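Participant: Structure below; questions to follow.
The values are calculated or read from the model by the stated rules, or taken from the named source; none is laboratory data. None of the values given here were measured: they were computed from a predicted structure. Using ideal geometry, Cβ is built from the backbone for each residue, glycine included, and neighbour counts are taken over all protein chains shown.
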Amino acid sequence: MKAIKFGLIAIVAFLLLNNQNTIASAQPSPASLKTSIARGKELYLTQCLACHQVDGGGVPHLNPPLDGSANVKGKDKIKLILTVLNGLKGVELEDETYSAIMVPHKELTDQQIADVLTYVRNSWTNKASQVTAAEVKAVRAKNK
Ligand code: HEC
């Protein structure tokens with residue numbers, strides 16, 4: 001009987017500890033920043049490269065550069081998330097107009113948008129904070 005009780009306590013303790021580990025791993029960590037950038041790169045190569053180019057330099061008068069863009073590496077993540085969700089058309093960026101259209105990407109998941117924005121915010125000469133799926137989810141919910 002004692003052995004059974006001890007066994008049960010051990011199982012409960014194991015389950016509690018395991019649960020705590022799952023909660024801890026949900027927080028962004030340097031490892032998850034790296035993973036997000038890697039996944040974002042894959043997505044960039046298939047969804048964004050044709051217009052914004054492999055070096056993020058864009059195409060003059062057609063598609064804006066993402067490398068060095070104050071909007072891309074800035075603090076206003078909401079505007080960035082909205083640009084990817086809803087697209088952009090006829091908006092002057094840094095004293096330049098672009099004749100192509102930024103297509104909407106509503107079909108991408110919150111995590112995919114977070115990954116691709118984290119990638120462009122941390123590529124070429126850009127260095128900025130991570131965009132999380134939770135941030136994309138909140139912006140998407142407010143702009144339905
Ligand atoms: C069909 C071409 C095209 C594709 C594909 C495209 N974009 Fe764009 N993007 C544009 C154009 C054109 C603009 C500028 C629109 C304007 O000025 O009104 C733009 C603007 C942006 C901006 C705003 C830049 C700034 O300085 O404010 C961001 C950020 C951006 N795109 C990210 C992306 C990401 C990420 C993807 C892939 C998920 C993507 N774009 C796919 C054409 C494209």
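Participant: Identify, please: which residue in region 39-63 is in contact with a helix residue (DSSP H, G or I) (Cβ under 6 Å, 6 or more places away or on another chain) and more than 22 Å from residue 111 (Cα to Cα) and is, among those, farthest from the ligand (Cβ to nearest atom)?
Facilitator: Among those residues, the one meeting the criterion is 58.
Participant: Considering only residues that are surrounded by 17 or more Cβ atoms within 10 Å (Cβ to Cβ) and in a helix (DSSP H, G or I), which ones fall in region 64-81?
Facilitator: The answer is 72, 73, 77, 80, 81.
Participant: Another question about this same structure. Let me confirm something: among 29, 36, which residue is surrounded by fewer than 14 Cβ atoms within 10 Å (Cβ to Cβ), more than 10 Å from the ligand (Cβ to nearest atom) and either within 25 Å of residue 109 (Cα to Cα) or modelled with pLDDT under 95 (or both)?
Facilitator: Among 29, 36, only 29 is surrounded by fewer than 14 Cβ atoms within 10 Å (Cβ to Cβ), more than 10 Å from the ligand (Cβ to nearest atom) and either within 25 Å of residue 109 (Cα to Cα) or modelled with pLDDT under 95 (or both).
Participant: Tell me which residues, restricted to region 93-139, are surrounded by fewer than 18 Cβ atoms within 10 Å (Cβ to Cβ), within 10 Å of the ligand (Cβ to nearest atom) and either in a helix (DSSP H, G or I) or without any contact (Cβ under 8 Å) to a residue 24 or more places away in the chain (or both).
Facilitator: If the condition is that a residue be surrounded by fewer than 18 Cβ atoms within 10 Å (Cβ to Cβ), within 10 Å of the ligand (Cβ to nearest atom) and either in a helix (DSSP H, G or I) or without any contact (Cβ under 8 Å) to a residue 24 or more places away in the chain (or both), then 101, 103, 104 are the ones that fit.
Participant: Just wondering, is there one or more residues in region 49-61 that are polar (S, T, N, Q) and within 12 Å of the chain's Cα centre (by Cα)?
Facilitator: no
Participant: Please go through region 48-63 and give me each residue that is on the phi < 0 side of the Ramachandran plot and buried (at least 17 other Cβ atoms within 10 Å of the Cβ), ordered by number.
Facilitator: 48, 51, 52, 63 - these are the residues of region 48-63 that are on the phi < 0 side of the Ramachandran plot and buried (at least 17 other Cβ atoms within 10 Å of the Cβ).
Participant: Then there is this: I'd like to verify a number: residues in region 64-91 that are near the ligand (Cβ under 7 Å from one of its atoms) and either touching a strand residue (DSSP E or B) at 6+ places or on another chain (Cβ under 8 Å) or among the acidic types (Asp, Glu) (or both), how many?
Facilitator: 6
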